[in-house]
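Below: the structure, in structure tokens.
The values are calculated or read from the model by the stated rules, or taken from the named source; none is laboratory data. Given the structure is predicted, the values throughout are model-derived calculations rather than measurements. FYI the Cβ positions are ideal-geometry reconstructions off the backbone, even for glycines, and counts take in every protein chain you see. Only protein heavy atoms, including side chains, enter the accessible area calculation; ligands, DNA and RNA are left aside. Shrake-Rupley method; radii C 1.70, N 1.55, O 1.52, S 1.80 Å.
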Amino acid sequence: MDPKELYRRRLLSIPEAVGMVRSHQIIGTAMAAAEPTGLLTALGTQRDRVEDVTVCVCLPLRKYDFVLKPEMGGHFFVENWFYGAPDREVHPQGRESYIPNNLHQAASGKLHATKNHLDVFFGTASPPDHHGYMSLGLSLVIEKPLIAAADLVVLEVNPNIPWTLGDTQIHISEVSHVVESEIPPFELPNTPADEIERTIGGYIAELIEDGATIQLGIGGIPNAITALLTDRRDLGVHTEMFTTGMIDLYEAGVITNRRKTLWPGKMVGAFALGEKKLYDFVDRNLAVEFQQGNVTNDPYVIGKNYKMVSVNTALQVDVLGQVCSQSIGPRHFSGTGGQLDTHRGAQRSQGGRGIIALRSTAKGGAISTIVPTLALGAEVTVPSQDTDTIVTEYGIAELRGRSVKDRLRALTAVAHPSFRTWLVDESERLGIVPRLVVPGFTPAG
Ligand code: COA
């Protein structure tokens, strides 16, 4: 059938599409800047018609009634691979729960739990070309396996969604329905780095050599690094998330992808989240390759890159080297995302390194982020046996292969000076490192 005719026959209004949701169903959605804003905004209007609907989301960026309104309880429940600010608000109200996962296994993990079945998938796509192909646009992390497992696939077609290249294409014949919207994708502003972030970025820049391939995670510190890499040559990108800062480096001629050993000549990633400038850059750009999250984030794939350096950030690190990046004590904050995937993958790479960067203190300097033990109930994002390099504004602590005694020494040197004595005394008092085994050890390292 003529693709235009097929499109016309599959076109519904947004109210018609959300009206197809039934009680007790499981819905999966596209994530981050690819979230289907029109459909998710309208979903809450179905409250009085449905009950016990589970909606699986990942890093939702806009505020939606079906998530936020207390009266949605019993009608909609949110299961989430990665929390953002609204989810932290709803979690204590009992209408949302985290799905523990590593990003490269997220979709397959959920589908294992649902016996490879989803009732509905809501996503976004760019308008079709004359052959009837659309691009899934700004995320390919979990979307394709969820689409393959869903009985009903509805895509919100939007001219503001860039036509991204790689494994992003989907044909109109593969979807049940399309709806139309022109809501611009969510933009994450690139906030300028503060002094501490610039200092941390400077240490990390020392660890990134010419010809290296980089991954940058989510948060202020990874963002700050891009500004400090301007004198490097021939960097490559193999990341989970494309960021606006990477585009600045590409345009400055620092990122060339020329020396990459995997997908040479291309920046590889699974989703893009940043400013409009980034979304314009990834549009029909042959230098940008979108691959599914189970490819980009597979540690074995990441490890095939030469000099792969992953940079992620954290909330707490204990003297064993256990990294917590996703909770504040028992209070769930974000998610593992691809942190463990990329930290492990980078260490598999020849000349590679996994970096966790964090400020040495939080709460205006009142608490140390380097601690003798993680807070009670904290979720471990990177276990001690996987931790490689920790960076704070006081320097670089190399932990890989080191004993706990040496880890304590290295971490004390990068902790804030006003917490160093406490860190050692408390670690000894708890018996993590008996004083006996650290003769001559002083908090100054
Ligand atoms: N104890 C208590 N609170 C702490 C803390 C600690 N040890 N460390 C930080 N905080 C607070 C901060 O004060 C801040 O609070 P505020 O929002 O009230 O200001 C909040 O936690 C966030 O800290 P911040 O340093 O601003 O976070 P960020 O935006 O730079 O993000 C992570 C940092 C770790 C939350 C984020 O990178 C993340 O979720 N990582 C896990 C997933 C990941 O890395 N994936 C990789 C690929 S995308």
Considering only residues that are away from the ligand (no atom under 14 Å from the Cβ) and under 30 Å from L39 (Cβ atoms), look in the range 182-202 and name the one that is most open to solvent (accessible area, probe 1.4 Å). E182
Looking only at residues in the range 87-108 that are in a helix (DSSP H, G or I), open to solvent by 20 Å² or more (accessible area, probe 1.4 Å) and within 16 Å of the ligand (Cβ to nearest atom), which one is nearest to I302 (Cα to Cα)? H104
Contact list please: Cβ distance under 7 Å, first residue in the range 330-354 and closer than 30 Å to E89 by Cα and assigned to a helix (DSSP H, G or I), second residue open to solvent by 20 Å² or more (accessible area, probe 1.4 Å) and within 12 Å of the ligand (Cβ to nearest atom), pairs at least six apart or on different chains. L340/N102; D341/N102; D341/H104; T342/E240
Given (1) free of Cβ contacts under 8 Å to residues at least 60 places away in the same chain; (2) within 16 Å of the ligand (Cβ to nearest atom), identify the lone condition not met by L262. (2)
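Based on this model, can you work out whether I396 counts as within 17 Å of V319 (Cβ to Cβ), out of contact with any Leu (no Cβ under 9 Å at 6 or more places or on another chain) and not basic (K, R)?
no
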Would you confirm whether or not the range 275-288 contains a residue that is away from the ligand (no atom under 14 Å from the Cβ) and within 18 Å of I204 (Cα to Cα)? no
Has the range 133-154 got any residue that is more than 16 Å from G38 (Cβ to Cβ), open to solvent by 50 Å² or more (accessible area, probe 1.4 Å) and under 19 Å from the mean Cα position of the chain (by Cα)? no
So in the range 370-397, with the set limited to residues that are surrounded by 20 or more Cβ atoms within 10 Å (Cβ to Cβ) and of a type in the set (S, T, N, Q), which one is nearest to S325 (Cα to Cα)? T381
Of the residues in the range 111-132, how many are outside any loop (DSSP other than H, G, I, E, B) and either among the basic types (K, R) or in contact (Cβ under 8 Å) with a residue 40 or more places away in the chain (or both)? 8
Does M1 count as at pLDDT below 95, assigned to a loop (DSSP other than H, G, I, E, B) and open to solvent by 10 Å² or more (accessible area, probe 1.4 Å)? yes
Can you name every residue in the range 225-248 that is open to solvent by 30 Å² or more (accessible area, probe 1.4 Å) and hydroxyl-bearing (S, T, Y)? T230
Residue check for P192: part of a loop (DSSP other than H, G, I, E, B) and under 29 Å from L315 (Cβ atoms): yes
Pairs needed: first member in the range 94-110, farther than 13 Å from E79 by Cβ; second member anywhere, part of a loop (DSSP other than H, G, I, E, B) and of a type in the set (A, V, I, L, M, F, W, C); C-beta distance under 7 Å; at least 6 residues apart or different chains. L103/V141
Among (1) in contact (Cβ under 8 Å) with a residue 12 or more places away in the chain; (2) on the phi > 0 side of the Ramachandran plot; (3) within 15 Å of the ligand (Cβ to nearest atom), the one test that T381 misses: (2)
In the range 312-333, which residue that is open to solvent by 10 Å² or more (accessible area, probe 1.4 Å) and of a type in the set (S, T, Y) is modelled with the highest pLDDT? S325
Would the range 171-181 turn up any residue that is within 21 Å of the chain's Cα centre (by Cα) and open to solvent by 10 Å² or more (accessible area, probe 1.4 Å)? no
Suppose the filter is within 10 Å of the ligand (Cβ to nearest atom), under 28 Å from F242 (Cβ atoms) and in a strand (DSSP E or B); does I390 pass it? no
Out of the residues in the range 311-369 that are of a type in the set (A, V, I, L, M) and farther than 27 Å from F419 by Cα, state the one that is farthest from the ligand (Cβ to nearest atom). A346
Candidate set from the range 203-216 (those that are open to solvent by 10 Å² or more (accessible area, probe 1.4 Å) and part of a loop (DSSP other than H, G, I, E, B)); member that is farthest from the ligand (Cβ to nearest atom): D210
